[in-house]
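Visitor: Shown below is the structure under consideration.
The values are calculated or read from the model by the stated rules, or taken from the named source; none is laboratory data. As the structure is a computational prediction, the values presented were derived from the model and not from experiment. All Cβ positions, even for glycine, are placed from backbone atoms using ideal geometry, and neighbour counts span all protein chains on display.
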Amino acid sequence: MAPILTVRDLEKTYEGGFQALKSVSLDIREGEVFALLGPNGAGKTTLISTICGLVRPTSGSITVGGHDAIADFRAARSLIGLVPQEMPTAPFEIVGDTVAFSRGLFGMPPDRAFVERILKDLTLWDKRKNPIMALSGGMKRRLLVAKALAHEPKVLFLDEPTAGVDVELRHDMWRIVTELKEKGVTIILTTHYIEEAEEMADRVGVINKGEIILVEEKAELMRKLGRKLLTLNLSEPLNAVPESLARHNLQLADAGCKLIYTYDTHAERTGITALLKDLAEAGVRFQDLQTDQSSLEDIFVDLLKKG
């Protein structure tokens, strides 16, 4: 199946010479949730803005649903919904009217039932007659989603969708994304919250300094780059790791009360058996032990260090 969104050799250099995007190539599959991760200034918002036609690329190509996003802008843009980080200033507009207007902007026929369903799904129905300025920050964020969905896009961009919102709204947004995916909408989200990507994404892309440094299935990424930590709670604290244990690269933690061993669960041998044998021979005793899987955040930080 052909990707619903294809980016090839995309570059953006601003006046003054700053290169925000460097030969970015990316394929987005239809119906997937793709998380784009990267630090501030990495190029996440520039990439989204360029795909959505808000920023003109210096070079490269973008295809959405088979339409060239530059040569056939209207057709390509009609397939895209964008939830920006901030609400455009229109404080006196009425909630229900602005969602219906957004639908009309893309040439879609009026559909009160559809607009009503969106507002109800986003718990905005009771606010439909209110001016935007009367909404809370969380409700404004929901309204941005409603406006982006008004013309029934096939691809939805969420640029930092839960930045600055409370935990309850963040979980509501996760639920909304899950429901949209079930309806076949392709979703690309940028986020600073690693748990957001870990919760929802099918694939993860990492961008840094304007370059895509990795694109991988989330589960495969964690399998390939993830680590497990074995933590030994010692019976008596140590001042230092005995020299006889040096080959295991142990870390001493918690004022010498814990030893931490890092290993790869997919290696042919984990080394745990040899470690326990050497501990016994060194006279190091422990009360209990526990294992922890590295998170997507750990992997992300490691990738940026390598980059």
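Visitor: If you scan region 76-129, which residues turn out to be in a helix (DSSP H, G or I), under 28 Å from the mean Cα position of the chain (by Cα) and loosely packed, with under 15 Cβ neighbours inside 10 Å?
Guide: Once the filter is applied, which keeps residues that are in a helix (DSSP H, G or I), under 28 Å from the mean Cα position of the chain (by Cα) and loosely packed, with under 15 Cβ neighbours inside 10 Å, region 76-129 yields ARG117, LYS120.
Visitor: Could you grab me the full set of residues in region 201-242 that are touching a Lys or Arg at 6+ places or on another chain (Cβ under 8 Å) and outside any strand (DSSP E or B)?
Guide: Within region 201-242, ALA201, ASP202, LYS209, GLY210, LYS218, SER235, GLU236 qualify.
Visitor: A further question follows. Suppose the filter is farther than 25 Å from ALA219 by Cβ, assigned to a strand (DSSP E or B) and not β-branched (Val, Ile, Thr); does LEU21 pass it?
Guide: It is true that LEU21 is farther than 25 Å from ALA219 by Cβ, assigned to a strand (DSSP E or B) and not β-branched (Val, Ile, Thr).
Visitor: From the list ARG128, ARG142, ARG112, which residue is more than 21 Å from GLN85 (Cα to Cα), touching a Leu at 6+ places or on another chain (Cβ under 9 Å) and in the same structural domain as THR186 (by TED's automatic domain parsing)?
Guide: Residue meeting the stated conditions: ARG128.
Visitor: Which residues, counting only those in region 168-200, are outside any helix (DSSP H, G or I) and closer than 23 Å to ALA2 by Cβ?
Guide: Listed by number, the residues that qualify are LYS183, GLY184, VAL185, THR186, ILE187, ILE188, LEU189.
Visitor: Among the numbered criteria (1) hydrophobic (A, V, I, L, M, F, W, C); (2) surrounded by fewer than 12 Cβ atoms within 10 Å (Cβ to Cβ); (3) touching an Asp or Glu at 6+ places or on another chain (Cβ under 6 Å), which single criterion is violated by LEU245?
Guide: All conditions are met except number (2).
Visitor: With respect to GLU220, determine if the residue is closer than 30 Å to ALA2 by Cβ, at pLDDT 80 or above and surrounded by fewer than 17 Cβ atoms within 10 Å (Cβ to Cβ).
Guide: Considered against the rule, which asks whether it is closer than 30 Å to ALA2 by Cβ, at pLDDT 80 or above and surrounded by fewer than 17 Cβ atoms within 10 Å (Cβ to Cβ), GLU220 comes out as no.
Visitor: Next up: Which condition from (1) of a type in the set (S, T, N, Q); (2) closer than 19 Å to LEU149 by Cα; (3) at pLDDT 90 or above is the one that GLN85 breaks?
Guide: Status for GLN85: all satisfied but (3).
Visitor: Determine whether GLU160 is under 23 Å from ILE80 (Cβ atoms) and either at pLDDT below 90 or in contact with an Asp or Glu (Cβ under 7 Å, 6 or more places away or on another chain) (or both).
Guide: Here the answer is yes, as GLU160 does meet what is asked.
Visitor: Go over the candidates VAL177, VAL155, VAL167 one by one and state the one that is within 13 Å of the chain's Cα centre (by Cα) and not hydroxyl-bearing (Ser, Thr, Tyr).
Guide: VAL177
Visitor: So, one more: Hey, GLY60 hits all of (1) loosely packed, with under 15 Cβ neighbours inside 10 Å; (2) more than 22 Å from the chain's Cα centre (by Cα) but one; which does it fall short on?
Guide: Exception for GLY60: condition (1).
Visitor: Still on this structure, please answer the following. With the requirement that a residue be surrounded by 14 or more Cβ atoms within 10 Å (Cβ to Cβ), modelled with pLDDT of 75 or more and acidic (Asp, Glu), what does region 257-299 give you?
Guide: Once the filter is applied, which keeps residues that are surrounded by 14 or more Cβ atoms within 10 Å (Cβ to Cβ), modelled with pLDDT of 75 or more and acidic (Asp, Glu), region 257-299 yields only ASP278.
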